[in-house]
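Working notes, beginning with the structure itself.
The values are calculated or read from the model by the stated rules, or taken from the named source; none is laboratory data. Fair warning: this is a prediction, and the values are worked out from it, not measured in the lab. Note that we place each Cβ from the backbone using ideal geometry, even for glycine, and neighbour counts take in every protein chain shown.
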Amino acid sequence: MKRYSLIYLYVLLALVSCDTGNRTPPISQNPVSSFAPPLITRIAELPDSLKPVITDLSKKPKPQQILIPRQGDPAKSYTTPDGHIIELKPPVKKLLPAFANRKEEIDQLKEEKSFDSGKGGQPFYFNYTTDDGLAMNQIRCATTDQRGHLWIGTWGQGVSRFDGRHFTNFSVANGLPANLISSILEDRAGRIWIGTDGRGVCRYDGLEFTTIDIDKGLSNSVVDIKEGRSGKLWVLTRASMAMLDPEQNQVRLLDKQVYGLQNSTITCLQEDKTGQLWIGTTEGVVCVDPLTNRKIKGLTVANGLVDNHINELYEDIQGNIWIATEHGINCYLLSDHEKMAHYTSQYPAGDQNVQTIQEDDKGNLWFGTDIGAVQCSLVNGAIEKKRPI
């Protein structure tokens, strides 16, 4: 009897399966599913004319290296690539103007060890220009590598690397694809990625430059480069956004139309800890799942943003998403049931146009504005203190 029951069950399941297989699937209510998958360009399969260009630095002129003199050193000079002779002088240590006659602030910084306060606890800075060996005074971007070296992207003379004593200058003559540098990033493997205006992305591994200049996969005018949690790179260009896999040599172009951004100008990108991609535009913020092409949420002034023109997106250590606009700051508080907070009225007008956001190792947030920098701490969804610099 048990055998006949099993046979009956198999027949019944077969009939149901046949019925399901012939049934017309319901129309999806999600319009995203009707779009084609994103374009994936495999670099190895490209014709030779489109493959990355590898430049062997041993066959190029050595990058110019300038030694910065110290106090008491004999006079030095160097010759720029265009033939000008520059007399070098020891850099002058200067007190930050914001701390003039503010002993209480200086003592507090020294106590908190917010940054290197120098001798006597007085915050100072050194000003470096072409007179000291910097490739060009017009700087577009900078980053610090794992060894503490500072990489500086100039807008016309390539990249300067500063190790504390020397400037080493790289230009087209030394293997760079272009001298207009828009973005610099060091990835977790220690490679330096350089975004250029007009010649795509260049990778430097200490021995050679590799230029990825792919019209089909990556627009050549790079705006920004960011590294995701998986090690893949998000590349924002003037025309598109792409995911670059440095290990698999793949460029995946994301279709703006999929996310309803075909008429929007993308200004910034930020991948959060869950792998979701936050896209800042001139018309608000969109959060998407780049693996499934699903739009998760959209933020505009209609649902809480202080302004639709987004300058910067930043994820803090707690997983909150900070949104910098021309008229203040929003914080999407993932740690507080995805509450939207905004901070504007307590700041002067110049401070409201926030251009950049960074978090230090003590959890303090630093906002770069039109008139300086502001240090804040977020406690229970509210900014606890404010220190202008």
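Let's see how each residue does on (1) in contact with a strand residue (DSSP E or B) (Cβ under 8 Å, 6 or more places away or on another chain); (2) at pLDDT 90 or above:
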| site | (1), (2) |
| --- | --- |
| MET241 | yes, no |
| LEU261 | yes, no |
| LEU269 | yes, yes |
| GLU283 | no, yes |
| PRO290 | yes, no |
| ARG294 | yes, no |
**OP:** Among the numbered conditions (1) assigned to a strand (DSSP E or B); (2) over 14 Å from the mean Cα position of the chain (by Cα); (3) modelled with pLDDT of 90 or more, tell me where ILE184 comes up short.
**Re:** (2)
Original post:
Got at least one residue in segment 165-177 being within 30 Å of ASP255 (Cβ to Cβ) and in a loop (DSSP other than H, G, I, E, B)?
Top reply: yes
Subject >> Top-ranked residue in segment 305-324 [being of a type in the set (Val, Ile, Thr) and within 25 Å of GLY275 (Cβ to Cβ); ranked as modelled with the lowest pLDDT] >> reply: ILE317
Original post:
Any residue at all in segment 152-166 that is modelled with pLDDT under 95, basic (Lys, Arg) and out of contact with any strand residue (DSSP E or B) (no Cβ under 6 Å at 6 or more places or on another chain)?
Top reply: yes
**OP:** Just give me the residues in segment 304-325 being among the hydrophobic types (A, V, I, L, M, F, W, C) and either surrounded by 21 or more Cβ atoms within 10 Å (Cβ to Cβ) or in contact with a Leu (Cβ under 8 Å, 6 or more places away or on another chain) (or both), in sequence order.
**Re:** LEU305, ILE310, LEU313, ILE321, TRP322, ILE323, ALA324
